[in-house]
Amino acid sequence: MGTDPKSWAETFAAELSVGGERVPFERVLAHHLDAISKLRSVSGLTWRSLASFLVRAGACRADGSPISADQLRVGHARLVRQAARAAKGSPPGSPILDKGQRVLRAEPSSVAELPKLRPPLGANPTATKTVSPYSLSPKSDREDVSDDEIALALSRLTKLSSRS
């Protein structure tokens, strides 16, 4: 593939679906990291123009809405940061530094270091199982919502409606 943005966008859009099944946006984006960097540096295209090419090629989010420049920019930055971390051999729990070497955010290295959610006030802690959102895999790695997540959300909604 050269630096033709139209053919790149058509290829990207085609890869968002395989056999009628939706492929997660970030997986396709990860496959195109080098092409996007090349398009931005050689052609001078902006994130908005790249997103526009994708929309014209028929690429869209899973809900049918157009892919935004922000979604493209943020996804690209996240994947580049992960690739840089992997290339340096940094463990996943290492802090994220800005150019001035200040810690922007420290990621926990294990589930044991994450804070646990407490049940709402007045709730019987033995009656409901507390689910930590940190212990779940990222949404891009799973398609379904667990029964525990649904039960927790329903219990919160029930308590909110009873207070009204």
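Any read-out appearing in this document is the output of simple, stated calculations on the displayed coordinates, not a laboratory observation. Computed from a prediction, not measured in an experiment: that's the story for all the values here.
Non-local amide H neighbours of residue 23 (under 5 Å, H modeled in plane, Pro and chain starts lacking H): which ones?
Answer set, sorted by chain and number: 17, 18.
Quick one: what are the phi-derived ³J(HN,Hα) couplings along the stretch 52-68, Karplus 6.51/-1.76/1.60 with θ = phi - 60°, whole Hz, x for glycine and proline?
With coefficients 6.51, -1.76 and 1.60, one gets 5, 4, 5, 5, 5, 7, x, 6, 8, 6, 4, 7, x, 6, x, 6, 8 Hz.
Find the percent of Cα-Cα distances in the stretch 7-95 that exceed 22 Å, and round it to a whole number.
Considering the stretch 7-95, 28 percent of its Cα-Cα pairs are separated by more than 22 Å.
Can you tell me how much longer the chain between residue 41 and residue 21 gets when fully stretched, taken as 0.36 nm per residue apart minus their C-alpha distance, in nm with one decimal?
Values: separation 20, 0.36 × 20 = 7.20 nm, distance 3.24 nm.
4.0 nm is the gain from fully extending residue 41 to residue 21.
Calculate one ³J(HN,Hα) per residue across the stretch 29-41 by plugging θ = phi - 60° into the Karplus curve 6.51 cos²θ - 1.76 cosθ + 1.60, and present them in order as whole Hz with x for glycine and proline.
For the stretch 29-41, the Karplus curve yields 4, 4, 5, 10, 4, 5, 5, 5, 4, 5, 4, 5, 7 Hz.
Stretch residue 150-residue 85 to full length: gain in nm at 0.36 nm per residue minus the Cα-Cα span?
In short, 20.0 nm is gained.
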